[in-house]
Amino acid sequence: QVQLVESGGGLVQAGGSLRLSCAASGRTFSSYAVGWFRQAPGKEREFVVACNWSGAITYYASSVKGRFTISRDNAKNTVYLQMNSLKPEDTAVYYCAARIGYVPTTVLYDYWGQGTQVTVSS
């Protein structure tokens, strides 16, 4: 079992930055691939980025590539999402998720966090 808790969301002006954290429980978290997803009001959940167990392999949605960076510290059981040059269209609830096996863009994850709200004002 893996439990995921996101934090770091908030209100930021367009052009600003936020860093989200996803803290995981479980001794084997380093074995899991991790993804970040987001869901805006009235829209379906969408893929943002995924990384493999080490963080060495990543895949970004085109909408965030060059602005967002995923990283992980397996010693701390934590995955980060650094978000720069934020835009109002980045406003959403952001979720982290974990699964065994790295599969870019899949939405089939075994564990999900509760989400953290990111609001970008214009």
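Some notes on this structure:
- Reachable lysines from LYS65, criterion Cα separation under 25 angstrom, eight or more residues apart if same chain: LYS43, LYS87
- Each of ARG38, ARG45, ARG27 has its accessible area taken with a 1.4 Å probe; listed largest first, they run ARG27, ARG45, ARG38.
- Karplus-derived 3J(HN,Hα), 6.51/-1.76/1.60, for each residue of the range 42-53, Hz, glycine and proline x: x, 10, 6, 5, 10, 6, 10, 6, 9, 9, 7, 4
- Among GLY42, GLY55, GLY66, residue whose mean-square fluctuation peaks in a GNM of the chain (springs only between Cα atoms under 10 Å): GLY42
- Rounded to whole Å, the principal axis extents of the Cα atoms in the chain read 41, 26, 23, largest first.
- Surface composition of the chain: carbon plus sulfur atoms contribute 50% of the solvent-accessible area (1.4 Å probe, protein chains only, all chains present).
- Where no second cysteine Cβ lies under 4.7 Å, the cysteines concerned in the chain: CYS51
- Only alpha carbons enter this Debye calculation for the range 25-92, each as an equal point scatterer, and the log10 of I(q)/I(0) it gives at q = 0.12, 0.19 Å⁻¹ is -0.33, -0.76.
The values are calculated or read from the model by the stated rules, or taken from the named source; none is laboratory data. A quick note: this is a predicted structure, and the numbers were derived from the prediction, not measured. No Cβ is skipped: glycine too gets one built from the backbone with ideal geometry, and neighbour counts run over all protein chains shown. What goes into the accessible areas is simple: the full protein's heavy atoms, side chains included, and nothing from ligands, DNA or RNA. Shrake-Rupley method; radii C 1.70, N 1.55, O 1.52, S 1.80 Å.
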